[in-house]
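Report on one structure; see the data block that follows.
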Ligand SMILES: [Zn+2]
Ligand SMILES: [Zn+2]
């Protein structure tokens, strides 16, 4: 939270109670929620907030690097409070995205034909499959 506040101030973003609430909600969920999902939860405590405000706040957070925007397999963007290097399991049935860490994946070499023509800003392994909830 301290880092979040610092990063906001550095970027000239006011730390409002609403922004803190949005950030906290995202941090509390282990999944990778969409703006819509955050919006539905936040209206429990902030009934007057608009979807547009939530969506714009999330995009601003991603812009200043306090959260990450992750690969999405549907039309809605998905967000991640974990900005450190990590990898994802993606359930092709329910769309759930689960975090995992593995140093051998962190150290995977990027092929030369990619680095020659593509500026790499990050790398993440995504393993697709069916989660345990969906297997039952
Ligand atoms: Zn699933
Ligand atoms: Zn993640």
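Rule-based calculations on the coordinates, nothing more; no lab input. Remember, it's a predicted structure, so these values are computed and weren't measured experimentally. Cβ: placed from backbone, ideal geometry, glycine included. Neighbour counts: every protein chain shown.
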Within 10 Å of each residue's Cβ, count the other Cβ atoms and sort 28, 136 from fewest upward. 136, 28
For residue 121 and residue 60, compute 0.36 nm times the residue count separating them, minus their Cα-Cα distance, and round to one decimal in nm. 20.1 nm
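Between residue 71 and residue 24, what FRET efficiency follows from the Cβ-Cβ distance if R0 is 35 Å, with the result rounded to 0.05?
Given R0 = 35 Å and the Cβ-Cβ separation, E is 0.90.
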Shape box of region 23-78 [Cα atoms, principal axes, largest first, Å]: 29, 23, 21
Per-residue [θ]222 nm for the chain (sum of -39500 (n - 2.57) over DSSP H runs n ≥ 4, rounded to 500): -10500 deg cm²/dmol
What are the extents of the Cα atoms of region 87-135 along their three principal axes, in Å, largest first? 41, 21, 14
Show me, bin by bin at 10 Å from 0, the whole-percent P(r) of region 49-110 based on Cα pairs. 19, 42, 33, 6, 1
Grab the Cα-Cα distance for residue 112 and residue 89, subtract it from 0.36 nm times how many residues apart they are, and report the gain in nm with one decimal. 5.7 nm
Given an 8 Å cut-off on Cα distances and at least 6 residues of separation, report the relative contact order of region 2-80 as a percent. 31 percent
Calculate the all-directions average of the projected area of the chain's alpha-carbon convex hull, and give it in nm². 10.4 nm²
In which sequence would 70, 54 go, from the one with the fewest C-beta neighbours within 10 Å to the one with the most? 70, 54
